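Presented below is the structure to which this report refers.
The values are calculated or read from the model by the stated rules, or taken from the named source; none is laboratory data. Just so it is clear, the model here is predicted, and its values are computed rather than measured. Remember, those area values only see protein heavy atoms, side chains included, never the ligands or the DNA or RNA. Shrake-Rupley method; radii C 1.70, N 1.55, O 1.52, S 1.80 Å.
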Amino acid sequence: MLNYIQIKDLALIEHSEVEFTPGFNVVTGESGAGKSILMGAVWLLLGGRVDKGIIRTNCSKAQVTGLFTVPENLRSKIAALLD
């Protein structure tokens, strides 16, 4: 489960942090609030690729950081894949 995401210099976002809790989480907002950018950041965390044009204007890089919790029953399987 994605518990936390931090976005820096991605598209129009200078810096943003979102913390998710167990259960049902909803992302809402007006047009232009950044919902699509947040979903794009999640896509990056999952290994997606984007054009470097998504980096915020006048910045040399963007950064997306995520904190995940892995269910107990999957930990050994994921550890084996990473080895």
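Quick look at the values:
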| quantity | calculated |
| --- | --- |
| Leu44 - accessible surface, heavy atoms, 1.4 Å probe, Å² rounded to 10 | 50 Å² |
| Derived scalar couplings ³J(HN,Hα) [the range 27-41; Karplus, 6.51 cos²θ - 1.76 cosθ + 1.60; whole Hz; x for Gly, Pro] | 10, 10, x, 6, 4, x, 7, x, 4, 5, 5, 4, 5, x, 5 |
| Built amide H within the under 5 Å cut-off of Asn3, gap 5+ | Leu67, Phe68, Thr69 |
| Carbon and sulfur %, accessible surface of the chain computed with the full protein complex present, 1.4 Å | 55 percent |
| Helical contribution to [θ] at 222 nm, DSSP H n ≥ 4, -39,500 (n - 2.57), averaged over the chain, rounded to 500 | -6500 deg cm²/dmol |
| Pairs of lysines in the chain (C-alpha under 28 Å apart; 8 or more residues apart or interchain) | 6 |
| Relative contact order of the chain, pairs being alpha-carbon contacts under 8 Å that are 6 or more residues apart, as % | 44 percent |
| Phi to ³J(HN,Hα) by Karplus 6.51 cos²θ - 1.76 cosθ + 1.60 over the range 45-57, Hz, x for Gly, Pro | 4, 8, x, x, 10, 9, 6, 5, x, 7, 5, 4, 3 |
| Solvent exposure of the chain as accessible area per residue, Å², 1.4 Å probe | 78 Å² |
| Gained length - Glu17 relative to Phe68, 0.36 nm times residue gap less alpha-carbon distance | 16.9 nm |
